[in-house]
Amino acid sequence: MIPKWLEKRHEILSKAYRNSPFRFEDASKILKEKMKDREEQVNVFLSELRKRGWLEVEFDPEDARKRIYKLKSREEIISETLSVNKSQLTRGDLENLLKRAADLIRTRVDYAFILVLLFYKRISDKWETEFEKAYKEALEDGLNEKEAKVEAKNSIYHDFDIPEGLLWEEIRKDPAKLPENFSKAMKTLAERNPELKDVFENVDFVQFTANRENVEILRQLVELFSARSLHHVSPDVLGDAYEWILRYFAPQKAKEGEVYTPREVIKLIVEILNPEPGVSVYDPASGSGGMLITSYQRVENEYGKNEAERLFLFGQEANHKTLALAKVNLYIHDIRNAQLALGDTLLYPKFKEGEGIKSFDVVIANPPWNQDGYDEEVLKKGEFWRERFSQGFTPRQSADWAWIQHMLASASNEKGRVGIVIDNGCLFRGGKEKAVRTGIVNDDLIEAVVLLPEKLFYNTGAPGAIIILNKNKPKKRKEKVLFINASGDYQQHPEVRKLNRLGDEHIKKIAKAYREFKDEDGFSKTVEIEKIKENDYNLNVTLYVFPEEETEEIDVTKEWEELQKLEKEVFGIERKIEGYLKELRGE
């Protein structure tokens, strides 16, 4: 579809010059007269026509510093627009574009502005593609051009209801009013599409550009995103680009207390839990949606897109800005079968069933480690606290075992499995945490404990742990816990010098050890619960399995022969020295 603002100005210039060439000052004069356009708006207009291939540009023979322009006809433009361009942006293309955007804002601006602009550009471009398809179908059904256009704008043909005047290209045409127009667009879209309310209400472009420097940053960001169409970028490529931004700014956000779970850690825990088509997956601390997205992608890779649509995804997040990013992240990945809710999970779980909390097949999370402020007095103010914290209450300085208890309570009794990424310290700390841990061990709910390498996370150098819990352990695993010491299974992070990360070979090795549930010297060991009780309910992995130091095999015979040879050489040298000394003494 030709954007209305382009179509109108193209029509004005076409009437004035038809197939004749013209210069910038000619276009500027007539558009200023007819449309009240300023010079910078004319620049945007001509630049867009050139990028779309609708404007031929040559050097002015009278002045090489200037250009001469010639328009293509409207018929040529429609023909080219309606034949959909199938060229695909690669991951590299998109990451390069986002890298430039990231360099523009540095640490001066919240990175959420890049993500929201990427999202808005995507849904605008997609709206145009949806319009083109509906328009062609309407013409084939016998409607005239005017009727076909009206029909193609109907919201039933579009993912989101976007007024034509608020599409990206319409907003872009007036650089001086970008903040006001983006703010208006987002307010209107939130009203027409209630599911976008959380996404747009936290990004204020007017406030953003109160700083004069940011006015220019916004203009450059808009022009940067305008350089490439996102019509036909696959969800996988676009999703990877979105994740790239989250990862790129993770060190900065970690300093502000925001948690970003490395995708390799998520991949490992999903690999272990192995969600299948038809199951429900719940993340009570969903963050930007990584656990849910990776669960979906695993099922899609194993069983196909249709089967992935049979997953039931649920997430709750306490930070409204992070929840908005998660909603965009899911849409960008083309995942629609997810329900996200806002709220403090430990106090106000949003997913309920009957008189209690809803139960799920797979419960998976990386909650805030050692979260402060959730002692007995506070937790008893929460909903369904008796049902959720039956093993006891946590100390004020760490809610780790409160999260584990909530996740266990949320797992179905028939086939509920839980996977949590948590601080290693909760495995062996005493006091109230030990009391809760004791009850859970005695109930035979813990299936495996994995010690991760240090320096995997942006916000701490400490090694984390993964605890796998199972309400229906297989018979051969009952009364046992598998301990896996993966502290030495890592590689140097390719982008952040001080960080490590899990490689694919490490993920496969750990997941294989979990599936096989057997001992491997220095790496994994199955331990009877009675042994854990003898160790005072200490779950510290290094207590049960410690990496063996590599020892060099010694060939005793060969070493003995070498020693004898050396002794002979030493004896010969001593005899020589003794002879020299005798000579010196004149003996």
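Annotations for the structure displayed:
- Residues located in region 149-181, provided they are over 30 Å from Asp37 (Cα atoms), of a type in the set (Gly, Ala, Ser) and at pLDDT 90 or above: none
- Number of the exception - Ser229 against (1) over 21 Å from Arg91 (Cα atoms); (2) in contact (Cβ under 8 Å) with a residue 40 or more places away in the chain; (3) assigned to a loop (DSSP other than H, G, I, E, B): (1)
- Of the criteria (1) buried (at least 18 other Cβ atoms within 10 Å of the Cβ); (2) part of a loop (DSSP other than H, G, I, E, B), which one Lys415 fails: (1)
- When residues of region 510-522 are limited to those that are touching a strand residue (DSSP E or B) at 6+ places or on another chain (Cβ under 9 Å) and touching a residue at least 12 places away in the same chain (Cβ under 8 Å), the one farthest from Lys476 (Cα to Cα): Gly522
- Near pairs, Cβ below 8 angstrom, 6+ apart or cross-chain, from region 207-225 (surrounded by 12 or more Cβ atoms within 10 Å (Cβ to Cβ)) to any residue that is outside any helix (DSSP H, G or I) and at pLDDT below 85: Phe208/Val109; Asn214/Arg108; Asn214/Val109; Val215/Thr209; Ile217/Arg108; Ile217/Val109; Leu218/Thr209
- Test: Leu189 is in the same structural domain as Pro163 (by TED's automatic domain parsing), modelled with pLDDT of 90 or more, buried (at least 19 other Cβ atoms within 10 Å of the Cβ) and not β-branched (Val, Ile, Thr): yes
- The set of residues in region 47-57 being in a helix (DSSP H, G or I), out of contact with any Lys or Arg (no Cβ under 9 Å at 6 or more places or on another chain) and surrounded by 14 or more Cβ atoms within 10 Å (Cβ to Cβ) consists of Ser47, Arg50.
- Residue that is modelled with the lowest pLDDT [pool: residues in region 232-250 that are surrounded by fewer than 20 Cβ atoms within 10 Å (Cβ to Cβ) and not in a helix (DSSP H, G or I)]: His232
- Lone qualifier among Trp403, Trp385 - being surrounded by fewer than 21 Cβ atoms within 10 Å (Cβ to Cβ) and in contact with a Leu (Cβ under 9 Å, 6 or more places away or on another chain): Trp385
- Options Ala176, Ala148: the member that is of a type in the set (Gly, Ala, Ser) and either touching a Pro at 6+ places or on another chain (Cβ under 8 Å) or surrounded by fewer than 17 Cβ atoms within 10 Å (Cβ to Cβ) (or both): Ala176
- Ala462 vs. criteria over 17 Å from Tyr514 (Cβ atoms), small (Gly, Ala, Ser), at pLDDT 95 or above and surrounded by fewer than 23 Cβ atoms within 10 Å (Cβ to Cβ): no
- Note on region 526-551: residues that are in contact with a Lys or Arg (Cβ under 9 Å, 6 or more places away or on another chain), under 13 Å from Ile484 (Cβ atoms) and either assigned to a loop (DSSP other than H, G, I, E, B) or of a type in the set (D, E, K, R) (or both) total 3.
- When residues in region 457-494 are screened for being without any contact (Cβ under 8 Å) to a residue 60 or more places away in the chain and under 15 Å from Arg263 (Cβ atoms), 4 of them pass.
- Glu495 more than 25 Å from Lys415 (Cα to Cα) and of a type outside the set (Lys, Arg): yes
- Number of the condition not met by Ile269 [criteria: (1) under 17 Å from the mean Cα position of the chain (by Cα); (2) at pLDDT below 85]: (2)
- Output for region 8-46, where each listed residue is in contact (Cβ under 8 Å) with a residue 40 or more places away in the chain and within 39 Å of the chain's Cα centre (by Cα): Glu40, Gln41, Val44, Phe45
- Scan of region 377-416 for residues that are free of Cβ contacts under 8 Å to residues at least 12 places away in the same chain and either within 17 Å of Asn472 (Cα to Cα) or of a type in the set (Asp, Glu) (or both), ordered by number: Glu377
- Residues that are assigned to a helix (DSSP H, G or I) and either touching a His at 6+ places or on another chain (Cβ under 7 Å) or buried (at least 17 other Cβ atoms within 10 Å of the Cβ) (or both) within region 151-171 comprise Glu151, Ala152, Leu166, Trp168, Glu169, Glu170, Ile171, listed in sequence order.
- When residues of region 523-550 are limited to those that are among the β-branched types (Val, Ile, Thr) and over 21 Å from Lys473 (Cα atoms), the one modelled with the lowest pLDDT: Val545
- Among residues of region 440-472, those that are farther than 26 Å from Gly522 by Cα, in a loop (DSSP other than H, G, I, E, B) and over 22 Å from the mean Cα position of the chain (by Cα), counted: 3
- Only one of the listed residues (Arg437, Arg429, Arg515) is over 28 Å from Ala402 (Cβ atoms) and not in a strand (DSSP E or B). That residue is Arg515.
- Subset of region 339-360 (residues that are more than 22 Å from Tyr374 (Cα to Cα) and among the polar types (S, T, N, Q)): Gln339, Ser359
- Among the residues listed as Leu71, Leu104, Leu49, Leu55, the single one being modelled with pLDDT under 80 and outside the structural domain of Leu117 (by TED's automatic domain parsing): Leu49
- Options Gln297, Gln316, Gln339; residue that is surrounded by 15 or more Cβ atoms within 10 Å (Cβ to Cβ), part of a strand (DSSP E or B) and either in contact (Cβ under 8 Å) with a residue 24 or more places away in the chain or not acidic (Asp, Glu) (or both): Gln316
The values are calculated or read from the model by the stated rules, or taken from the named source; none is laboratory data. Here the structure is a predicted model, which is why all the values come from computation and not from measurement. Cβ: placed from backbone, ideal geometry, glycine included. Neighbour counts: every protein chain shown.
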